[in-house]
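What follows is a single structure, written as structure tokens, with notes after it.
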Amino acid sequence: MESREILDGELEQILKWEKEQKDLFIWDKIGRLPFAMLDKVMPKAIKQKIGDALNEVGQYLQTGGKFLVQKKKVAKLLREEAERSGYPITTDYIYQLEQDTDMENTAQIQSVEKLPLEVLDRVADSITESRSKFAAAQGAATGFGGIVTIAADIPLVMGLSLKVLQEMALCYGYDPDDPLERIFIVKCLQFSSADIVGKKAIIDELADYDNPDKQVEVVSQMQGWREVFNSYSESFGWKKLFQLIPVAGMIFGSVSNKNTIQDVAEAGKMLYKKRLILQRLK
């Protein structure tokens, strides 16, 4: 277990990262334009797909939908990295998750208190790199055909975003099957594309998230998740708009999808890591 000094240092780095979340890419800045303007220029097919994707986010909040990940895969990565780093695991929950197929979708992810943050961080970074490469290849493939293929790209990016956030949760010992964790994951998704004011509001909402009173407050706030996601749909819509140009959209699609997944994964890593550090400090 890390010393308090190390945990304080890690927490300081995360707080510094939170303060740095002020710079926006050009398409994010464009995405802050009035949504009515986006409505006028955005093809109906893309607007429909974005709407469908957001509906699936609502379904994910309620039931987990079709986006639940296999815990065994993340458990295997944690075990392998722990062994490489000199923290062999034989009898704890990671080993059992990996071996027991019946536990794949039902087992509660317990504490990762036996593993240091550096091990958890390396697994999280490995997942981020892998998923970003996949997203880049996917964006290039679906960007090649312009509007004909982009309709397939939108639900794929949304699904991959939710899955990589669930994997970040598993890395830091949280169970993405838990309804409260699904809300936290959607908050991470929202954070990754919010403007400066929105990011600050989300950080405030998620402060002390494991406090039962705070959880009730956040659950209540998420009842109006559609309104909260207006900014997400605007930003996401503009990114897809630039991907409409056949062939040229292949390059933009690759870069855009890669950046999207990297941003989402980074938000999940930092916000989940912050929760774990605060728990260890207590």
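The values are calculated or read from the model by the stated rules, or taken from the named source; none is laboratory data. The structure displayed is predicted, hence computed values, not measured ones. So basically every Cβ, Gly included, is an ideal-geometry build from the backbone, and we count neighbours across all protein chains shown. Surface accessibility is based on the protein's heavy atoms, side chains included, excluding ligands, DNA and RNA. Shrake-Rupley method; radii C 1.70, N 1.55, O 1.52, S 1.80 Å.
Reported count of residues in region 122-151, each being open to solvent by 20 Å² or more (accessible area, probe 1.4 Å) and under 30 Å from Leu7 (Cα atoms), is 7. Just a yes or no: is a residue in region 84-105 in a helix (DSSP H, G or I), open to solvent by 10 Å² or more (accessible area, probe 1.4 Å) and at pLDDT 75 or above? Yes: one or more hits. Against the numbered list (1) over 17 Å from the mean Cα position of the chain (by Cα); (2) at pLDDT 85 or above, Asp125 comes up short only at (1). Across region 238-282, which residue is modelled with the highest pLDDT among those that are over 21 Å from the mean Cα position of the chain (by Cα), assigned to a helix (DSSP H, G or I) and aliphatic (A, V, I, L, M)? Checked region 238-282; the qualifying residue modelled with the highest pLDDT is Leu281.
Listed by position, the helices (runs of 4 or more DSSP H) enclosed by region 155-237 that each have at least 3 residues that are at pLDDT 75 or above and not hydroxyl-bearing (Ser, Thr, Tyr) are 179-193, 196-206, 212-221. Restricting attention to region 152-174, the residues being of a type in the set (D, E, K, R) and open to solvent by 10 Å² or more (accessible area, probe 1.4 Å) number 2.
Being of a type outside the set (Phe, Trp, Tyr) and touching an Asp or Glu at 6+ places or on another chain (Cβ under 6 Å) holds for only one residue in Val218, Val157, Val186, Val164, and it is Val218.
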